[in-house]
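Before anything else, here's the structure in question.
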Amino acid sequence: MMTSGKKGLMSEINVTPFVDVMLVLLIIFMVTAPMMTHGVKVDTPQTTHENMDVDAKALIISIDGNRQVFINQYQLDASEVRERLPAILDVRQTGEVFLKADKSLPYGIVMDVMAQIRDAGIGKIGMVTEPSPVRTERQR
């Protein structure tokens, strides 16, 4: 038996596969985003403090154990910080710098770089440290 109904073309777009792909991509980006940190590996001192949120536009100046200075991941001489920093900050539109120094460095080296940052016109300098592991009563 044949029915006499007309079958027309479906003119609606099926968005279900699109939504599925977008959700998978969202999960992938959520998992990989914390792993995409910028900067240089520096053995920072450990302190007992809470984590603070760092702006994505923040500029991180790192000094590693070999006394090499980096602005984010770009290496430069320690004497060039004062000259190059204002131009970099104009592009990034931020007036804040975070200083990340290796714990094995002498105090004078870190203070010299801090002085150059101040001479470049930066008023806000944040010091980056790592949170210390939580100790229980038995470990004390």
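Residue check: is Ile88 under 24 Å from Met127 (Cβ atoms), touching a Leu at 6+ places or on another chain (Cβ under 6 Å) and either modelled with pLDDT of 80 or more or surrounded by 10 or more Cβ atoms within 10 Å (Cβ to Cβ) (or both)?
Taking the combined requirement at face value, the residue does not satisfy it.
Filter segment 109-129 down to the residues that are outside any loop (DSSP other than H, G, I, E, B), surrounded by 15 or more Cβ atoms within 10 Å (Cβ to Cβ) and under 22 Å from the mean Cα position of the chain (by Cα) and list them by number.
Val110, Val113, Met114, Ile117, listed by residue number.
If we scan segment 42-57, do we find a residue that is among the small types (Gly, Ala, Ser), part of a helix (DSSP H, G or I) and at pLDDT below 80? Even if it seems obvious, please write down each step before you answer.
Filtering segment 42-57 for residues among the small types (Gly, Ala, Ser) gives 56.
Retained after the next criterion (residues that are part of a helix (DSSP H, G or I)): none.
No, because not a single residue in segment 42-57 is among the small types (Gly, Ala, Ser), part of a helix (DSSP H, G or I) and at pLDDT below 80.
So Met30 ticks every box in (1) on the phi < 0 side of the Ramachandran plot; (2) modelled with pLDDT under 85 but one. Which box is left unticked?
Unmet condition: (2).
Next question. Output yes when any residue across segment 15-26 is surrounded by fewer than 16 Cβ atoms within 10 Å (Cβ to Cβ), aromatic (Phe, Trp, Tyr) and modelled with pLDDT under 85, and no when none is.
No: segment 15-26 contains no residue that is surrounded by fewer than 16 Cβ atoms within 10 Å (Cβ to Cβ), aromatic (Phe, Trp, Tyr) and modelled with pLDDT under 85.
The values are calculated or read from the model by the stated rules, or taken from the named source; none is laboratory data. If you're wondering where the values come from, they're calculated on a predicted model, not measured in any experiment. For neighbour counting, all protein chains shown are included, and Cβ atoms are generated from backbone atoms with ideal geometry for every residue, glycine included.
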